[in-house]
Amino acid sequence: MELTTTLLGAVLLFLLYGMLTIYRRGGTTNLPPSPGTLSFLLKFYIIQPIFFKVPPHKIFYSFAQKYGPVYIVDLFLMNLVVIHGADTIQEAFHNRHICDRPPVKILKHVLDGSGIAFSSGEVWKIQRRIAMTFMKTFGLNKTEFEDRVSVEADHLVAEVAKHEGQPFSPYVLMANAVSNVICQAVFGQRYDYADPQFKRLLGAIYRNIQLIGGVTGALQVMPGSQWYGRFLPPVRETGENFKLIYDFTRSVAEEHRKSFDPEHPRDFIDVYLRETESSAEKKSKVNLNDLCATVGDLFMAGTEATSTTVRWGMLYMMAYPEIQQRIQDEIDRVVGRDRFPNMSDRSQLPYTEATMLEILRLGNVVPLGAPHQASADTTIGGYRIPKGSIVFANIGMLGFDDKTFPEPEKFKPERFLDEAGQLTQQKNDMIPFSTGPRMCIAETMSRTELFVFFTRLIHRFTFRKPAQAPPISFQGVPGITLSPLPFEICAVPRK
Ligand code: HEM
């Protein structure tokens with residue numbers, strides 16, 4: 001009798017859940033195909049990552065091979081939609097109903113400002129517009145930005161030279177240099193790598209990058225975590241680190257206020273203050289908490305992706321000495337040994353450029369971009385996408401399509417060159433910075449940073465594998481970005 005009652009209860013619960021899901025999705029007609037929740041969860045969280053070490057974007061891709069470029073998974077109270085292929089991604093991310101972000105529920109108690117990266121709707125538009133105004137005002141998309149990056153690259157080269165060809169880990173050095181470019185842009189000053197305040201700030205940023213890419217990020221998608229999440233130690237630590245970054249930003253903003261001249265903004269904080277104080281209406285829409293959240297976003301989004309790409313570059317150079325030599329020969333021939341390469345040399349350095357594209361393709365640092373959320377019922381590829389669905393675009397797999405990139409697992413810069421040795425890349429074959437109104441705000445800035453850091457390092461040093469080091473691994477470690485396993489490298493000074 002008891003067993004019958006339990007079974008009946010289970011069946012009823014199952015039916016109720018099914019009806020709720022259908023109700024939440026607004027019916028069953030014309031939804032994308034689905035692998036089924038249980039099979040998805042088993043494969044995504046257990047079988048593929050634990051037993052076969054497959055990273056999330058490749059697991060998503062394996063489902064696409066069976067279910068097609070658009071599929072949907074019911075994750076209990078959430079619809080997850082995953083999209084593949086250049087045309088589908090372009091269509092979806094240019095759809096104004098797929099521009100929101102899912103709310104960051106577990107850090108709501110700390111992140112009371114809106115920021116750019118995790119906000120939606122009108123609030124996001126305002127923050128993004130201010131950031132884009134800044135990019136324009138400060139020429140972050142023009143050549144004067146190159147001079148600022150070059151100053152930082154000189155410091156980086158000097159730090160690397162201190163190792164005198166002996167093995168060292170490039171992780172902290174690269175992150176210091178890239179973060180300092182953001183410090184310059186946001187706070188108007190760079191910091192010495194040994195400065196205690198800079199160290200504290202960076203410590204908080206790196207730790208949050210690890211936490212959000214790991215436990216804290218995973219908790220975000222757990223049912224009910226908005227209620228209990230904040231009491232768990234990793235979430236508390238993430239919150240404390242954010243507070244440190246925000247307090248620092250707030251104190252710099254207060255200082256800036258004293259000497260602020262709206263006609264001559266010095267940095268991002270000044271541009272923000274100018275926007276805030278220019279009219280009562282704007283003042284009511286943006287505040288100091290939003291500024292802090294946006295600055296936090298710039299550090300998190302800016303530091304990790306760019307420095308990880310440069311580290312992949314160093315790893316590939318160490319692994320392919322003949323390609324490194326070919327780049328050095330090209331740079332020496334075009335630029336010479338008496339000055340460093342600059343952005344105006346780019347068109348004459350096609351092999352170097354092709355190698356950097358190949359590093360972006362295989363390094364594949366943000367393979368799943370950032371999650372979007374449907375703000376209304378809409379469609380992708382002819383399928384109905386219910387309001388509230390979380391949409392992930394597998395942008396990283398575009399670079400692994402063997403029709404466009406034959407032998408995609410191989411590191412072959414020549415794939416981007418024609419027979420005359422000139423660049424051939426088609427615009428939409430790879431979109432590491434995503435596409436549409438929500439795409440990365442800093443593509444041009446990042447490409448400049450990558451070029452300046454990479455070419456200066458290669459111009460000054462030859463990268464070699466340390467004699468006692470384990471075999472080079474290209475396995476990516478999933479987190480906020482897909483980063484290389486920790487490694488050491490020798491930077492042998494060139495004559
Ligand atoms: C190699 C370097 C970089 C790569 C590959 C990269 C890639 C991306 C991607 C894929 C997104 C998600 C776009 C989407 O939601 O569709 C994104 C968003 C973003 N990135 Fe980057 N990024 C890089 C560097 C930077 C830098 C240097 C900054 C700032 C200093 C930055 C700031 C941002 C911001 C603020 C967003 C959120 C935009 C929004 O939500 O409207 N990124 N980035």
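So Arg190 fits all but one of (1) over 26 Å from Ser259 (Cα atoms); (2) not in a helix (DSSP H, G or I); what number is the exception?
(1)
Could you count how many residues in the stretch 89-113 are open to solvent by 20 Å² or more (accessible area, probe 1.4 Å) and either within 11 Å of the ligand (Cβ to nearest atom) or within 30 Å of Phe405 (Cα to Cα) (or both)? If you could, list the steps in order and put the result at the bottom.
Taking the stretch 89-113 and keeping what is open to solvent by 20 Å² or more (accessible area, probe 1.4 Å), we get 90-91, 94-97, 100-105, 108-112.
From what's left, either within 11 Å of the ligand (Cβ to nearest atom) or within 30 Å of Phe405 (Cα to Cα) (or both): 90-91, 94-95, 100-101.
Adding up the residues that qualify gives 6.
For the stretch 334-342, does any single residue satisfy the condition of being surrounded by 17 or more Cβ atoms within 10 Å (Cβ to Cβ) and under 27 Å from Phe93 (Cβ atoms)?
No, the stretch 334-342 contains no residue that is surrounded by 17 or more Cβ atoms within 10 Å (Cβ to Cβ) and under 27 Å from Phe93 (Cβ atoms).
What are the pairs, 6+ residues apart or on separate chains, where a residue within the stretch 421-443 that is at pLDDT below 95 has its Cβ under 7 Å from a residue that is acidic (Asp, Glu) and more than 8 Å from the ligand (Cβ to nearest atom)?
Sorted first by the residue in the stretch 421-443, then by its partner, the pairs are Leu423/Glu353; Thr424/Asp418.
Provide a single number: the residues in the stretch 435-451 that are over 13 Å from the mean Cα position of the chain (by Cα), near the ligand (Cβ under 7 Å from one of its atoms) and assigned to a helix (DSSP H, G or I).
Here the count works out to 3.
For the stretch 345-404, which fully contained strands (runs of 3 or more DSSP E) count at least 3 residues that are touching a Gly at 6+ places or on another chain (Cβ under 9 Å) and on the phi > 0 side of the Ramachandran plot? Working first, answer last.
Numbers: elements: 378-380, 383-385, 390-393.
It comes to none.
Sort out which residues of the stretch 290-328 are more than 16 Å from the ligand (Cβ to nearest atom), touching a Phe, Trp or Tyr at 6+ places or on another chain (Cβ under 8 Å) and either on the phi > 0 side of the Ramachandran plot or not hydrophobic (A, V, I, L, M, F, W, C) (or both), and write them in order of number.
Those that are more than 16 Å from the ligand (Cβ to nearest atom), touching a Phe, Trp or Tyr at 6+ places or on another chain (Cβ under 8 Å) and either on the phi > 0 side of the Ramachandran plot or not hydrophobic (A, V, I, L, M, F, W, C) (or both): Tyr320, Gln324, Arg326.
Quick grid of which residues meet (1) open to solvent by 20 Å² or more (accessible area, probe 1.4 Å); (2) assigned to a helix (DSSP H, G or I); (3) closer than 27 Å to Cys183 by Cα:
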site: Trp227; (1), (2), (3): yes, yes, no
site: Asp247; (1), (2), (3): yes, yes, yes
site: Asp261; (1), (2), (3): yes, no, yes
site: Pro265; (1), (2), (3): yes, no, yes
site: Asp290; (1), (2), (3): no, yes, yes
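Do the conditions hold for Ser473, that is, is it hydroxyl-bearing (Ser, Thr, Tyr), more than 16 Å from the ligand (Cβ to nearest atom) and part of a loop (DSSP other than H, G, I, E, B)? Walk me through how you get there before you give the answer.
On the way: hydroxyl-bearing (Ser, Thr, Tyr): yes; more than 16 Å from the ligand (Cβ to nearest atom): yes; part of a loop (DSSP other than H, G, I, E, B): yes.
For Ser473, the condition - hydroxyl-bearing (Ser, Thr, Tyr), more than 16 Å from the ligand (Cβ to nearest atom) and part of a loop (DSSP other than H, G, I, E, B) - is met.
Output the number of residues of the stretch 418-443 satisfying the condition of being surrounded by fewer than 21 Cβ atoms within 10 Å (Cβ to Cβ) and touching a helix residue (DSSP H, G or I) at 6+ places or on another chain (Cβ under 8 Å).
Count: 14.
Please state which one of Tyr383, Tyr320 is more than 22 Å from Lys412 (Cβ to Cβ), open to solvent by 50 Å² or more (accessible area, probe 1.4 Å) and aromatic (Phe, Trp, Tyr). So that I can check it myself, show each step before the final result.
Working: Tyr320 fails: more than 22 Å from Lys412 (Cβ to Cβ).
Going through Tyr383, Tyr320 in turn, just one is more than 22 Å from Lys412 (Cβ to Cβ), open to solvent by 50 Å² or more (accessible area, probe 1.4 Å) and aromatic (Phe, Trp, Tyr): Tyr383.
From the list Arg464, Arg456, exactly one residue is closer than 28 Å to Phe268 by Cα, in contact with a helix residue (DSSP H, G or I) (Cβ under 7 Å, 6 or more places away or on another chain) and away from the ligand (no atom under 11 Å from the Cβ). Which is it?
Details: Arg464 fails: closer than 28 Å to Phe268 by Cα.
Among Arg464, Arg456, only Arg456 is closer than 28 Å to Phe268 by Cα, in contact with a helix residue (DSSP H, G or I) (Cβ under 7 Å, 6 or more places away or on another chain) and away from the ligand (no atom under 11 Å from the Cβ).
The values are calculated or read from the model by the stated rules, or taken from the named source; none is laboratory data. Since we're looking at a predicted model, the values are computed, not measured. For neighbour counting, all protein chains shown are included, and Cβ atoms are generated from backbone atoms with ideal geometry for every residue, glycine included. The accessibility values were calculated without ligands, DNA or RNA, using every heavy atom of the protein model including side chains. Shrake-Rupley method; radii C 1.70, N 1.55, O 1.52, S 1.80 Å.
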